[in-house]
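Presented below is the structure to which this report refers.
The values are calculated or read from the model by the stated rules, or taken from the named source; none is laboratory data. From a predicted model like this one, the values you see are computed outputs, not experimental measurements. Please note: Cβ atoms are built from the backbone with ideal geometry, for glycine as well, and neighbour counts cover all protein chains shown.
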Amino acid sequence: MIANKSLDQFARFNNLLDLFFARADELGDKPFLWAKRSGAWTPISWRQAAGQVAELAHALKDMGLQRGDRVMLVSENRPEWCIADLAIMAAGCVTVPTYTTNTERDHQHILDNSGARAVIVSDAKLARTLLPAVLRAGNAWHVIGMEPVKVGQASRFRAHNWSDLVTGDAGRRAELMPAIRSHAATLTRQDTACIIYTSGTGGAPRGVMQHHGAILHNVAGPTRVITEDFGWDDEVFLSFLPLSHAYEHSAGQFFPIGLGAQIYYSEGLEKLASNIEEVRPTLMVVVPRLFEVLRARILKQIQKQGKVANFLFERAMALGEKQLGGRDGLLDKPMDFILSKSLRPKIQARFGGRVKAMVSGGAPLNPEIGVFFHALGITLLQGYGQTEAAPIIACNRPSVGIKMDTVGPPLADTEVRIAEDGEILVRGELVMHGYWQNPEETARVLKDGWLHTGDIGYIDEAGRIAITDRKKDLIVNDKGDNVSPQKVEGMLTLQPEIHQAMVVGDRRPYLVGLVVPDPEWTMEWASAQGLKVDFAALQANPQFKAAVRAAIDRVNADLSVIEKVRQFNFADEPFTIENGEMTPSMKIRRHVIRGRYQERLDSLYKS
């Protein structure tokens, strides 16, 4: 338990290491980082983590790394990720996190652009893609493997084993700690903490320079929300989004450090559900796609449970909408009580039973998803941000009133205004200092201290920000009408028949779409028709296409004339990270998909 939980304390920290070492001093031998080892959750204490940080920071300095040198970090989420990140900063260096899904070409771009002088990689599997890029880059002289990495014959870089650098010798750690802490204390809030490369929805990734003060701002703001709206207690996080993404890096690592929380590292998406039940987190950082999948599963299970379960579900949905709209009254209390004793506890148990809130970010959340989970007793808060803002700008909170078609009010000490063309502008300590070695792009988005987000929106009467679309993604049809593709796509993917969708229609008379059918629904449909699950053959099946068409027509019934999807075709395969059509943060890469299917999309205007 942290003795002083005053929010004013965050202003006194000069850098992220100040914050971490302060928490380590306060919490000592209490558990901090958890991972599954041989089937059992095993902790690393705050004191042990601080010792490992000191050892690794000393090793980096011994390798000749200087203040401001960049160190690339390539690893799945695990305790060593956090320790490496902190150690890089404690050595006065700058962390350059990269996605584990990066190709050799991606690694090459980031190594060349950042000029990283050392690389930390988790294991041999990830090293296979990374090391060829390291050899060609010519800047990185050291490669550290968290697990043994086979290099083969002597090369131009030196390979190191994590276990040789982080020995666990308590005496050695005690000897190193004063010098490392003294060195770390020279960093200021203005110094660059990390360079996080954007996921590249519109082209080559750009390196966003996040300074220590920006991330500290992103710790203080959410802490205020938790403290004032939920109560700051002994918090438990389950980390599963990539730590190389700014959202998880700030909200899933440094925010928990600020709270003095425990962090459990998920075993992966396939085991996420069981990990949630085991860990019983109090707070989770999530993305909308996870909730879309969970909603579909819950709906299927409820539909199979008979009339009573379906009746309760329908009542829950109706009441949830009324509650969020502020229209519930005394007559709704009996049903609310029944739901709180019957349906809701079963759903809450799937999330461990003690979740205070799940904060959704990284992509827009369809309001229908938010209402769905609120009605079932799960508090889902939609946040908003950008890597360029460290990344959290705003977040919904109960004290202001949760409105699912908004992203809530700005964080404390964050200025937001709307430009004449509707663009959202942001100013404050959270705003980046610029893009690494890219003054042209920096000048384009940073003007007079204001970050031009590229998002379109407005601020409502309660001070909540509502996002209507990305400025560059707005579809402008041939009559000059603006259409939000994300809104239409979000509604399409809520249909059980549709897994993914992309709509286009810029300078065209109407919208058309590219659809990826839902795999489970496809299997069920084919089985009911007595057909083999042959996706290529099903695309040409008129009945199959008509079934998907019916789902699109259901969506069209709730859309305006200019938003309706008039024609559609199927994609050859799902949009994935592996085929380059999805970013690691689960956003579709429109330019890549358009490039692949342009002829097919154009043909929809001829039929």
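Confirm whether residue 412 is farther than 23 Å from residue 215 by Cβ and either loosely packed, with under 15 Cβ neighbours inside 10 Å or touching a residue at least 24 places away in the same chain (Cβ under 8 Å) (or both).
Criteria not met by residue 412.
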Would you be able to say whether some residue in the stretch 377-394 is charged (D, E, K, R) and surrounded by 24 or more Cβ atoms within 10 Å (Cβ to Cβ)?
-> yes
Might you let me know whether the stretch 103-113 holds any residue that is surrounded by 14 or more Cβ atoms within 10 Å (Cβ to Cβ), assigned by TED's automatic domain parsing to the domain that holds residue 51 and closer than 28 Å to residue 48 by Cβ?
-> no
In the stretch 556-607, residues that are touching a Lys or Arg at 6+ places or on another chain (Cβ under 9 Å) and not small (Gly, Ala, Ser) total 17
Of the residues in the stretch 508-532, those that are touching a strand residue (DSSP E or B) at 6+ places or on another chain (Cβ under 7 Å) and either surrounded by 14 or more Cβ atoms within 10 Å (Cβ to Cβ) or more than 14 Å from residue 570 (Cβ to Cβ) (or both) come to 510, 511, 512, 513, 514, 515, 516, 517, 518
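Taking helices (runs of 4 or more DSSP H) that fall entirely within the stretch 509-605, which contain at least 1 residues that are among the polar types (S, T, N, Q) and closer than 28 Å to residue 363 by Cα? Spell out how you get there, then give the answer.
Numbers: elements: 519-529, 535-539, 542-556, 590-603.
Result: 519-529, 542-556, 590-603.
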Is it true that residue 442 is of a type in the set (Ser, Thr, Tyr), without any contact (Cβ under 8 Å) to a residue 12 or more places away in the chain and surrounded by 15 or more Cβ atoms within 10 Å (Cβ to Cβ)?
-> yes
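Restrict the check to the stretch 262-270 and report whether at least one residue is buried (at least 18 other Cβ atoms within 10 Å of the Cβ) and not hydroxyl-bearing (Ser, Thr, Tyr).
Of the residues in the stretch 262-270, the ones buried (at least 18 other Cβ atoms within 10 Å of the Cβ) are 262-266.
Within this subset, residues satisfying the condition of being not hydroxyl-bearing (Ser, Thr, Tyr) are 262-263.
Scanning the stretch 262-270, I find at least one residue that is buried (at least 18 other Cβ atoms within 10 Å of the Cβ) and not hydroxyl-bearing (Ser, Thr, Tyr), so the answer is yes.
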Do we find a residue being closer than 21 Å to residue 491 by Cα, of a type in the set (S, T, N, Q) and at pLDDT below 90 anywhere in the stretch 550-557?
-> no
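Anything in the stretch 270-293 that is closer than 23 Å to residue 235 by Cβ, in a helix (DSSP H, G or I) and either of a type in the set (S, T, N, Q) or without any contact (Cβ under 8 Å) to a residue 60 or more places away in the chain (or both)? List them, or say none. Talk me through it step by step, then tell me what you get.
If we filter the stretch 270-293 for residues that are closer than 23 Å to residue 235 by Cβ, which is where we start, we get 271-288, 290-291.
Now restrict to residues that are in a helix (DSSP H, G or I): 271-279, 288, 290-291.
Answer for the stretch 270-293, where residues must be closer than 23 Å to residue 235 by Cβ, in a helix (DSSP H, G or I) and either of a type in the set (S, T, N, Q) or without any contact (Cβ under 8 Å) to a residue 60 or more places away in the chain (or both): 271, 272, 274, 275, 290.
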Specify the residue that is modelled with the lowest pLDDT; the eligible residues are those in the stretch 128-158 that are surrounded by 18 or more Cβ atoms within 10 Å (Cβ to Cβ) and not in a helix (DSSP H, G or I).
-> 157
Residue 504 is checked against (1) surrounded by fewer than 19 Cβ atoms within 10 Å (Cβ to Cβ); (2) in contact with a Leu (Cβ under 7 Å, 6 or more places away or on another chain); (3) within 30 Å of residue 386 (Cα to Cα) and fails just one. What number does that condition carry?
-> (1)
What is the one condition in (1) assigned to a helix (DSSP H, G or I); (2) over 17 Å from residue 353 (Cβ atoms); (3) out of contact with any Gly (no Cβ under 7 Å at 6 or more places or on another chain) that residue 242 does not satisfy?
-> (1)
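Filter the stretch 533-552 for residues that are of a type outside the set (Val, Ile, Thr) and surrounded by 12 or more Cβ atoms within 10 Å (Cβ to Cβ) and give the result.
Going residue by residue through the stretch 533-552, those that are of a type outside the set (Val, Ile, Thr) are 534-547, 549-551.
Of everything in the stretch 533-552, those that are of a type outside the set (Val, Ile, Thr) and surrounded by 12 or more Cβ atoms within 10 Å (Cβ to Cβ) turn out to be 535, 537, 538, 539, 541, 544, 545, 547, 549, 551.
Kindly establish whether residue 426 is touching a Ser or Thr at 6+ places or on another chain (Cβ under 9 Å), not small (Gly, Ala, Ser) and not assigned by TED's automatic domain parsing to the domain that holds residue 194. Write out each step before concluding.
Values: touching a Ser or Thr at 6+ places or on another chain (Cβ under 9 Å): yes; not small (Gly, Ala, Ser): yes; not assigned by TED's automatic domain parsing to the domain that holds residue 194: yes.
When the stated conditions are applied, residue 426 passes them.
Quick test for you: out of 575, 544, 568, pick the one residue that is in contact with a helix residue (DSSP H, G or I) (Cβ under 8 Å, 6 or more places away or on another chain) and without any contact (Cβ under 8 Å) to a residue 40 or more places away in the chain. Give the steps one after another, and end with the answer.
Details: 575 fails: without any contact (Cβ under 8 Å) to a residue 40 or more places away in the chain; 568 fails: without any contact (Cβ under 8 Å) to a residue 40 or more places away in the chain.
From the options 575, 544, 568, the qualifying one is 544.
Residue 93: under 29 Å from residue 236 (Cβ atoms), crowded, with 16+ Cβ neighbours inside 10 Å and modelled with pLDDT of 95 or more, yes or no?
no
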The stretch 365-422, residues that are in contact with a Lys or Arg (Cβ under 8 Å, 6 or more places away or on another chain), of a type in the set (Gly, Ala, Ser) and closer than 18 Å to residue 290 by Cβ | 377
Looking at (1) in contact with a Phe, Trp or Tyr (Cβ under 8 Å, 6 or more places away or on another chain); (2) outside the structural domain of residue 398 (by TED's automatic domain parsing); (3) charged (D, E, K, R), find the lone condition where residue 267 falls short.
-> (1)
Would it be correct to say that residue 148 is more than 26 Å from the chain's Cα centre (by Cα), of a type outside the set (Lys, Arg) and assigned by TED's automatic domain parsing to the domain that holds residue 46?
-> yes
Odd one out for residue 210, checked against (1) over 27 Å from residue 41 (Cβ atoms); (2) over 20 Å from the mean Cα position of the chain (by Cα); (3) outside any helix (DSSP H, G or I) | (2)
